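The structure appears below as structure tokens.
The values are calculated or read from the model by the stated rules, or taken from the named source; none is laboratory data. Keep in mind that what you see is a predicted model, and the values were worked out from it rather than measured. For neighbour counting, all protein chains shown are included, and Cβ atoms are generated from backbone atoms with ideal geometry for every residue, glycine included. Remember, those area values only see protein heavy atoms, side chains included, never the ligands or the DNA or RNA. Shrake-Rupley method; radii C 1.70, N 1.55, O 1.52, S 1.80 Å.
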Amino acid sequence: MIRLTLRHGTCKESCVAIACLSFLLSGSGECKASNRIGHLAVLLLEKFKAEEYLPVINIVYINGVHSRTMRLELGMEEALDAYKKGMQVGDIEFAMFNAYLYLMMSFISGQSLVELEMELDVFGKRMVEYKQMTASNMVLVIHCVVSNLITTKDCLSLIASQNEERESMLAHAIEANSYSFICHIYIFGGIEAYIFGKYELAADIALKRQEVEKKMSRRTKYFGTSDFYDGLTFLAMARKTNDIKWVFLAKEAKASLENMNHDGNIHCKHRLLLFQAETKNLIGDAKEASHDYDLAIASAEEHGFIHEHAIANERAGDFYLRNNDPRASQHYGKAHALYLQWGAQGKSDNLSKNIPL
């Protein structure tokens, strides 16, 4: 299609081909070129009034270079608009993938879990109704994690659950060599394990996912979210085991976030500050660590990531507790309140149960 466009000129179908080219370029590290070409695809979409192609272009462009720079709130709006347009024009498959994208971004941006659970129910049922099982399974993974965060349960992990439905999802994905879905399960399982303080499990999940990613043409980063939780997990393991390998793995995750930050991803600043604080904590630089925790907490609050604001406060509480500093209770209390505000009653109960104060 690109060749036909270059030879005969543009038509409304050209916007899809150009968006796909943008996606391919972003995977090879050509971010500036990818961004320009992706923007061109959007301009052609508007020029030809080719709204029937909005659902596919939104998926390709957002999952490509645009994911490195866009505000998640804007991405959520665009995904929801693309879902509605897809349903209107009969592009059910890409409509449902846009619905999944909207739900995924809602989770990683820290939207209310109670409201998100209701939306997961609605969209999940709609996906089953329209027999869009790939999108349905992706949504089911998110739903499992949200449910565990909201409700206190004995078995907290998506990966470690004895639930047959969850076990079969991962088993079927592995059997089918569905690498992207395997990574999707591992990413959300790792997030859940880390939030609940199961660092060994989170580390094991992260390492398994990284092995799967070696078989893929491009990593699934979810707007830097996988690198963020990987890095925090590896730093926690470095502190727990004193094994230098975890430090090197954490540095790799940090470098990936730094690249996204350099490309203009506004959601990386507070994450990198928390990495910095945890690193200073690890090497025993208490004064600088305290300062960096304050910066990370303030930045997370500024960007409106309530769940990562809570995590930053919890990590600060851990730091002050290890240093016998009375500020620990202040930060644990703030973390508890923020988790409740997020809707994570299960995590709040877990925190109250495990804080040694």
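Of all the numbered requirements in (1) farther than 16 Å from Gly197 by Cβ; (2) of a type outside the set (S, T, N, Q); (3) open to solvent by less than 70 Å² (accessible area, probe 1.4 Å), His262 misses one, and that requirement is (3). Between Asn98, Asn58, the distinction of being of a type in the set (S, T, N, Q), at pLDDT 95 or above and more than 23 Å from Tyr229 (Cβ to Cβ) belongs to Asn98 only.
What are the residues in region 92-118 that are surrounded by fewer than 20 Cβ atoms within 10 Å (Cβ to Cβ) and not hydrophobic (A, V, I, L, M, F, W, C), if any? Write out each step before concluding.
Narrowing region 92-118 to residues surrounded by fewer than 20 Cβ atoms within 10 Å (Cβ to Cβ): 92-93, 112, 114-115, 117-118.
Across region 92-118, the qualifying residues are Glu93, Ser112, Glu115, Glu117.
So is Phe196 open to solvent by less than 10 Å² (accessible area, probe 1.4 Å) and within 21 Å of His331 (Cβ to Cβ) or not? So Phe196 does not fit the description; no. Considered as a group, the residues in region 221-235 that are touching a residue at least 40 places away in the same chain (Cβ under 8 Å) and hydrophobic (A, V, I, L, M, F, W, C) include one that is surrounded by the most Cβ atoms within 10 Å (Cβ to Cβ), and that residue is Phe228. Return yes when Lys49 is modelled with pLDDT of 85 or more and not in a helix (DSSP H, G or I) and no when it is not. Yes; evaluated as a whole, the condition is true for this residue. The number of residues in region 316-346 being within 21 Å of His267 (Cβ to Cβ), in contact (Cβ under 8 Å) with a residue 60 or more places away in the chain and open to solvent by less than 10 Å² (accessible area, probe 1.4 Å) comes to 2. Filtering Cys11, Cys15, Cys20 for residues that are loosely packed, with under 15 Cβ neighbours inside 10 Å and at pLDDT 85 or above leaves a single hit, Cys11. Filter region 90-118 down to residues that are farther than 23 Å from Ala310 by Cα and either assigned to a helix (DSSP H, G or I) or in contact (Cβ under 8 Å) with a residue 24 or more places away in the chain (or both), then give me how many there are. Within region 90-118, residues that are farther than 23 Å from Ala310 by Cα and either assigned to a helix (DSSP H, G or I) or in contact (Cβ under 8 Å) with a residue 24 or more places away in the chain (or both) number 11. Only residues that are open to solvent by less than 30 Å² (accessible area, probe 1.4 Å), within 28 Å of Ser34 (Cβ to Cβ) and part of a helix (DSSP H, G or I) were counted across region 274-306, and they come to 2.
Taking first residues from region 1-16 that are under 11 Å from Ala41 (Cα atoms) and assigned to a helix (DSSP H, G or I) and partners that are among the charged types (D, E, K, R) and modelled with pLDDT of 75 or more, no Cβ contact under 8 Å between residues at least 6 apart in sequence or on separate chains turns up.
Which of the residues belonging to region 119-135 are among the small types (Gly, Ala, Ser) and without any contact (Cβ under 8 Å) to a residue 24 or more places away in the chain? Hit for region 119-135 is Gly124, nothing else.
Does region 83-105 contain any residue that is over 30 Å from Ala176 (Cα atoms) and within 18 Å of the chain's Cα centre (by Cα)?
Let us first name the residues in region 83-105 that are over 30 Å from Ala176 (Cα atoms), namely 84-85, 88-89.
From what is left, the residues that are within 18 Å of the chain's Cα centre (by Cα) are none.
Looking through region 83-105, none of the residues is over 30 Å from Ala176 (Cα atoms) and within 18 Å of the chain's Cα centre (by Cα).
Among the residues of region 125-140, the one identified as surrounded by 15 or more Cβ atoms within 10 Å (Cβ to Cβ) and of a type in the set (Lys, Arg) is Arg126. With respect to the conditions (1) open to solvent by 10 Å² or more (accessible area, probe 1.4 Å); (2) over 21 Å from the mean Cα position of the chain (by Cα); (3) aliphatic (A, V, I, L, M); (4) modelled with pLDDT of 95 or more, Leu207 falls short on a single one, namely (2). Filtering Asn265, Asn324 for residues that are more than 20 Å from Thr225 (Cβ to Cβ) and part of a loop (DSSP other than H, G, I, E, B) leaves a single hit, Asn324.
Kindly establish whether Asn323 is more than 24 Å from the chain's Cα centre (by Cα) and farther than 20 Å from Met105 by Cβ. Yes. Selection of first residues in region 136-149 that are within 18 Å of Ser348 (Cα to Cα) and assigned to a helix (DSSP H, G or I) and of second residues that are open to solvent by less than 20 Å² (accessible area, probe 1.4 Å) and of a type in the set (S, T, N, Q), restricted to Cβ pairs under 8 Å at least 6 apart or on distinct chains, gives the following pairs, ordered by first then second residue: Cys144/Ser161; Asn148/Ser157.
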